[in-house]
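Trainee: Dropping a structure here in structure tokens format, bear with me for questions.
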């Protein structure tokens, strides 16, 4: 059993300090850990401190800090040097979804920690069992998949690979409860885990409708915001069926399943985006058109939303019998 | 152009007074219309008034009423007799998803209104063009698909069938803005429209994972509540990609699409539910186990959630450039 007063002694590392990585750093700092953040590419290093400070401010405005921001920052060390990971008990990898790059990170992490740290990947697309073959201690490797912003969602997906031992996975699962998460714990390494399989099933169908000009990008967003968006946070998918009485679903799904896209191809619209080097609000070019100012305003609006939905999710926890 | 002061003179009908139908009645009463509700089966009639009053109370608690409940009820007439639909400009059908039953309703509606009313179906599974062949005036028939609770979501999906004329569809689209909706307007009758295609794509994958014991019902709900649930109301699906920078999605989707279920079959778990005559919280038997008391508590919790998410959606409207 991990005790709350031990958190300050459990040093954790994060490798990769993009939007997601920074956000994980913030979540771990808030939980009380000393955190070592490694920026494997110089551009990450340049913006990391600014981004982390900004995210801590967002957390403060959202009412989830109980110390001044400077206190949290005093427990943080950032570097391009993997050497700072030396005493970390767990190192969370959060770099681009490319196997060879991740493999390189794992070698550097293993060297810095002398193979002692548990290593977790935030991957959402590469099987844990594949990445596991790239580390010297596969039994101490697992998937820990976060949602953005990491410090302001209750989501966490813990996945064992084929070779992950039970003990380190359970330790991380236990620890994660101190991070204010409601983690899922998958014993089996299925590709995309649960969340991304569900989300990509939606994306497949959405792109299919858009590519066929049967719906617009705006239609898709409006539909999902105002239908699913009006109940999903309260209950999830399956319990929704219970609320609606279940029975009608059998007929509806036997009618609809055969109509759905089974595509395995990258959608046309996504190909166009790649050709245009669109990076969404990062370069104000994406599925929607943005001016730079609009992109900024929109980020702000979402930060405010985060705060409220986080509170709302806490006020309406699981229905009585949910485990 | 419809003027706001005309709403009190535009009489509307609803056929089918289950959970959804009652909820639509309430939405239309709140908008200011006189409403005629027809219960085609006696059990609907028995509970309809009670249900509608309860929903009006919920609307009142949610702060969206500006008159006493009795005022709204004074504009409502309920009957098993289709004759009360006589002067309705639009009749919304909201009965079970069975073509032959819907066809019977349309004949009764046409007879009662002497073919003058626009008729809309709330179907989410039967093509509008199929239903259209069952009505005497197909050019005045369309899909108007609501989300539950109809009076407390901004969602509405308007769909033209192959034979629907532009003028009545546009009239309904315009009118719907007075119902506090942000309707989508599909020119093309695609099966399941947008929302249900997206949702059933998720359901297909969810049942697939559960049937294969790769995830539990609880895992699926936890994932969707805490991941998608933390952002969907703010932005929908596609804009989310823009926020995350778009580029990583190409790789992720080319990896995940081939892994997704392409099943056209009714899932095992759903078959079991049908065999058990499970009707979710309606008979306290469903994908989750409930006592009757728990089912009731849960309905209350969701009513409270509705109120807040409705407000939250309004406070965080579309990003700047959304149309």
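Coordinate-derived values only; no laboratory data. Note that the structure is a prediction, hence the values are computed from the model and not measured. So basically every Cβ, Gly included, is an ideal-geometry build from the backbone, and we count neighbours across all protein chains shown.
Trainee: Take the alpha carbon atoms of region A:16-82, find their center, do the same for region B:118-164, and report the distance between the two centers in whole angstrom.
Mentor: Here the two parts' Cα centres lie 50 Å apart.
Trainee: Continuing with this model, one more query. Per Stokes-Einstein, at 10 °C and 1.306 mPa s, what whole-number D in µm² s⁻¹ belongs to chain A, with the Kirkwood radius over Cα pairs as the hydrodynamic radius?
Mentor: My calculation gives 74 µm²/s for D.
Trainee: Cα atoms only, region A:4-186: Rg and Dmax in Å?
Mentor: My reading of the Cα-based Rg and Dmax gives 14.9, 42 Å.
Trainee: Still on this structure, I have one more. Just rank A:145, A:208, fewest to most, by other beta-carbon atoms within 10 angstrom.
Mentor: With the sparsest Cβ surroundings first, the list reads A:208, A:145.
Trainee: Among A:136, A:127, A:34, whose mean-square fluctuation peaks in a Gaussian network model of chain A (Cα, cutoff 10 Å)?
Mentor: A:136
Trainee: Now for a different question. What angle, in degrees between 0 and 90 and rounded to the nearest 10, separates the Cα long axis of helix A:99-113 from the longest principal axis of the Cα atoms of chain A?
Mentor: It is inclined by approximately 30 degrees.
Trainee: Okay, next question. Assuming a viscosity of 0.890 mPa s and a temperature of 25 °C, what translational diffusion coefficient in µm² per second does Stokes-Einstein assign to region B:1-88, Rh being the Kirkwood radius over Cα pairs?
Mentor: 188 µm²/s
Trainee: Quick check on the exposure proxy: order A:144, A:130 from fewest to most C-beta atoms within 10 angstrom.
Mentor: Fewest-to-most Cβ neighbours within 10 Å comes out as A:130, A:144.
Trainee: Can you give the Kirkwood hydrodynamic radius of region B:119-172 from its Cα pairs, in Å with one decimal?
Mentor: Averaging 1/r across every pair of different Cα atoms and inverting gives 11.3 Å.
Trainee: Helix B:247-256 against the longest principal axis of chain B: what's the angle in degrees, Cα atoms only, rounded to the nearest 10?
Mentor: 80 degrees
Trainee: Obtain the radius of gyration and the Kirkwood radius of region B:68-170 from its C-alpha atoms and give Rg over Rh.
Mentor: 0.97
Trainee: Calculate, for residue B:212 and residue A:269, the FRET efficiency according to 1/(1 + (r/R0)^6) with r their C-beta to C-beta distance and R0 41 Å; round to the nearest 0.05.
Mentor: Calculated value: 0.85.
Trainee: A further question on this structure: If each label sits 7 angstrom from Cα along the C-beta direction, how far apart, in nm, is residue A:73 from its counterparts in the other copies?
Mentor: List, nearest first: 6.1 nm.
Trainee: While we're here: Using a 10 angstrom cutoff on alpha carbons, build the Gaussian network for chain B and name the most mobile of B:120, B:23, B:79.
Mentor: Most flexible of the set in this elastic network: B:79.
Trainee: Residues in region B:1-35 near a label at residue B:75, defined as backbone nitrogen under 11 Å from the 7 Å Cα→Cβ point?
Mentor: Counting backbone N atoms under 11 Å from the label point, the list is B:5-12, B:26-35.
Trainee: Moving on. Once the Cα gyration tensor of region A:171-232 is diagonalised, what are the square roots of 5 times its eigenvalues, in whole Å and ordered largest first, as equivalent ellipsoid semi-axes?
Mentor: Square roots of five times the eigenvalues give 32, 16, 7 Å.
Trainee: Gaussian network model of chain B, Cα springs within a sub-10 Å range: biggest mean-square fluctuation belongs to which of B:83, B:13, B:286?
Mentor: Among B:83, B:13, B:286, the largest mean-square fluctuation in the Gaussian network model of chain B belongs to B:286.
Trainee: Given 0.36 nm per residue, what is the gain on full extension from residue A:291 to residue A:107 after removing their alpha carbon distance, in nm?
Mentor: 62.1 nm
Trainee: Counting just the Cα atoms, what span does region B:165-323 cover along each of its three principal axes? Round to the nearest Å and put the largest first.
Mentor: That gives 46, 43, 35 Å along the principal axes, largest extent first.
Trainee: Would you mind computing the Rg to Rh ratio of the protein assembly as shown from its alpha-carbon coordinates, Kirkwood style for Rh?
Mentor: 1.00
Trainee: Rounding to the nearest 10 and keeping the result within 0 to 90°, find how far the Cα-based axis of helix B:292-315 lies from the longest principal axis of chain B.
Mentor: 90 degrees
Trainee: Among B:179, B:231, which comes first, second and so on when ranked by fewest other beta-carbon atoms within 10 Å?
Mentor: The most exposed by this proxy come first: B:179, B:231.
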